[in-house]
1. Write out, first by first residue and then by second, each pair whose Cβ atoms fall under 6 Å of each other, whose residues are 6+ apart or on separate chains, and whose first residue, in the stretch 381-397, is touching a residue at least 40 places away in the same chain (Cβ under 8 Å) while the second is surrounded by fewer than 24 Cβ atoms within 10 Å (Cβ to Cβ) and in a loop (DSSP other than H, G, I, E, B).
2. From the residues in the stretch 314-330 that are more than 22 Å from residue 397 (Cβ to Cβ) and either outside any loop (DSSP other than H, G, I, E, B) or touching a strand residue (DSSP E or B) at 6+ places or on another chain (Cβ under 9 Å) (or both), which one is nearest to the ligand (Cβ to nearest atom)?
3. I need the full set of residues from the stretch 149-162 which are in contact with a helix residue (DSSP H, G or I) (Cβ under 7 Å, 6 or more places away or on another chain) and either within 16 Å of the ligand (Cβ to nearest atom) or not in a helix (DSSP H, G or I) (or both), in order please.
4. For the stretch 103-119, give me each residue that is modelled with pLDDT of 85 or more and either crowded, with 17+ Cβ neighbours inside 10 Å or within 23 Å of residue 10 (Cα to Cα) (or both).
5. Give the number of residues within the stretch 277-299 that are at pLDDT below 95 and more than 9 Å from the ligand (Cβ to nearest atom).
6. Which of the residues belonging to the stretch 57-71 are surrounded by fewer than 17 Cβ atoms within 10 Å (Cβ to Cβ) and closer than 22 Å to residue 7 by Cα?
7. If a residue must be farther than 14 Å from residue 89 by Cβ and in contact (Cβ under 8 Å) with a residue 12 or more places away in the chain, how many such residues does the stretch 126-147 contain?
8. If I filter the stretch 193-203 for residues that are in contact (Cβ under 8 Å) with a residue 40 or more places away in the chain, under 20 Å from residue 273 (Cα atoms) and either outside the structural domain of residue 296 (by TED's automatic domain parsing) or surrounded by 15 or more Cβ atoms within 10 Å (Cβ to Cβ) (or both), do I get at least one hit?
Ligand SMILES: NC(=O)c1ccc[n+]([C@@H]2O[C@H](COP(=O)([O-])OP(=O)(O)OC[C@H]3O[C@@H](n4cnc5c(N)ncnc54)[C@H](O)[C@@H]3O)[C@@H](O)[C@H]2O)c1
C-alpha cells in the first residue's frame, strides 16, 4: 500500500507497450462498487476471494501484460504459486514511513491507523521478499529488473552473487581492462571461476580469429556461464561466442565503458566484424543478466567518455529528458533503462528498436570514409546534428553541436556519400533515416530526397 504500484505500473506498461491489468480495478468492476464499500459491506474475505480469482485469471491468460497487484494479494498461496509459474514479480520496496505518508488520510480500509499499518507491513514484508524475483523503487528499476540489468556502483565486487545460478563461470576480458580491473573481477568470482581469456583491447577483438580461439579454449558445458568484462567490443564478441558455443550458453556482460553501460551491454545484440564491414556477423542472445558497475568508469579516458556522452545525448533526445545533466550513476541507470524498454518491446530489431540508430547512418558513413580513424563518439555527435537539422529542429541541432563540441571533420566527401548509400538500412538503394518529429517522438525509416541527405552530410565535412 502506498508503494506507488498504480502509477509505476501504468508507467511500466506504457514503456513496455503492454496492457496494464489492475486487480483492484477488475474487482471494483465485478462488484459494481468501490473497494472501500466492498470492505465495509461484505468484509475483507469477500474482497480477497474476488481479488484472488481475478489475479489467477489474469495470470492464466498468458498474455504479455503488466499486472498491478495489491499488497495483500500475495497472501494467497494460489496466487503466489501462479506468480512463480507465469510472472516476473517485482517488489516495490518503499520505506514504510514513506508509504504511510502517502496513504494517511486516504479512504483505504487497511490504512486507518499508523501503528496497525506499520505492523501489517512488517507482517507482509517477508512474503513480498519470498515472492519477488527482484525489487525496485521506480519504473526505471522495474524495467531494468525485467530486462535482467543490474545497475549498482560496486557490483563488480559482488560478481559471483550477481551472475545467476551457482554454476561454473569463464571470464572473457579486454586486455587493458584486465590490467585495471581483472584481478578484482577474478577475486569476486571466487570458486565459480574456471577459466580466464584475455582478448585484444577494443575493436581488434571482434574478429573470427578471436571467436575461434575462444571456442577452442572454453571448457564449460551448457550449464556454464560466460562473463564478459570490457567495452562494447568485448561484450559483442563474448556474447557472440556464448550464442554459438554448444548452440548457446548463458552469458553476463559486465560493461566497463560508458558506451557499454548505456548501450552495448543491453539488449542482446552480439556480433563481430568482417573485412568488408562492421557487425556483419552476429546473433540475438539476451544476457542472463547485465552487471553494470558505474564505478568501472573511473579509469576511462576522456576520449572514451566523450564516445559515451554522444550515446547519452542520443538517448536523452529519444527520451525527451536532459539525461546528460544527471550525476554519472543516475545517468547510466536512466539511459540503460530507456534502452532496455525499447529492446524488450522489439527484441529482434524488427521495428521501433531502429530509433536507436538516430544519427548513426551519418556516423557510420563518416567513420568509413575516415578509414575508421574518426572516433565513433565524434561521428555519432556529428550524425545527431545532421539528423536534427533534417528533422527541421535547427535550434536543437545547434544546441547539441555546442553540447558535444561538434566540428566538421576532414574526410573524403565522395567516399562518405558512397558509404552512406551502402548503409545496411537502405531499402532498394533509397536511404531511410531515423529523424525526430520532436524530442521523444522518433520517426523511423523516413525517405528523403538524396540531394537533401547529401547536403546534410556535406555540412559535416570540412
Ligand atoms: N551490441 C550492441 O547493441 C552495441 C551497441 C553499441 C555499440 N556496440 C559495439 O561496441 C563497440 C564499441 O564499444 P566501446 O565504445 O565500449 O569501445 P571498446 O570496447 O572498443 O573499448 C574502447 C577502449 O576502452 C578501453 N576500456 C574499456 N573499459 C575501460 C575502462 N574501464 N578503463 C579504461 N579503459 C577501458 C578498451 O581497452 C578500449 O581500448 C563497437 O564494436 C560497437 O559496434 C554494440
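The values are calculated or read from the model by the stated rules, or taken from the named source; none is laboratory data. Here the structure is a predicted model, which means the values were calculated and not measured. Every residue, glycine as well, gets a Cβ built from its backbone with ideal geometry; the counts of neighbours run over all protein chains shown.
1. Short answer, once both residue conditions are applied: 381/404; 381/406; 382/406; 385/406.
2. 328
3. To start, the set of residues in the stretch 149-162 that are in contact with a helix residue (DSSP H, G or I) (Cβ under 7 Å, 6 or more places away or on another chain) comprises 149-151, 153-160, 162.
Those that are in contact with a helix residue (DSSP H, G or I) (Cβ under 7 Å, 6 or more places away or on another chain) and either within 16 Å of the ligand (Cβ to nearest atom) or not in a helix (DSSP H, G or I) (or both): 149, 150, 151, 153, 154, 155, 156, 157, 159.
4. The answer is 117, and nothing else.
5. Filtering the stretch 277-299 for residues at pLDDT below 95 gives 277-280.
So of that shortlist, the ones also more than 9 Å from the ligand (Cβ to nearest atom) come out as 277, 280.
Qualifying residue count for the region: 2.
6. Pass one, the stretch 57-71, residues surrounded by fewer than 17 Cβ atoms within 10 Å (Cβ to Cβ): 57, 60-65.
Matches in the stretch 57-71: 63, 64, 65.
7. Within the stretch 126-147, the first condition is being farther than 14 Å from residue 89 by Cβ, and the residues that meet it are 126, 137-140, 143-144, 147.
Checking the rest, the ones that are also in contact (Cβ under 8 Å) with a residue 12 or more places away in the chain come to 137-140, 143-144, 147.
Here the count works out to 7.
8. Applying the first criterion (in contact (Cβ under 8 Å) with a residue 40 or more places away in the chain) to the stretch 193-203 yields 203.
Retained after the next criterion (residues that are under 20 Å from residue 273 (Cα atoms)): 203.
Subsequent filtering for residues that are either outside the structural domain of residue 296 (by TED's automatic domain parsing) or surrounded by 15 or more Cβ atoms within 10 Å (Cβ to Cβ) (or both) retains 203.
Checked against the condition, which is being in contact (Cβ under 8 Å) with a residue 40 or more places away in the chain, under 20 Å from residue 273 (Cα atoms) and either outside the structural domain of residue 296 (by TED's automatic domain parsing) or surrounded by 15 or more Cβ atoms within 10 Å (Cβ to Cβ) (or both), the stretch 193-203 yields at least one hit.
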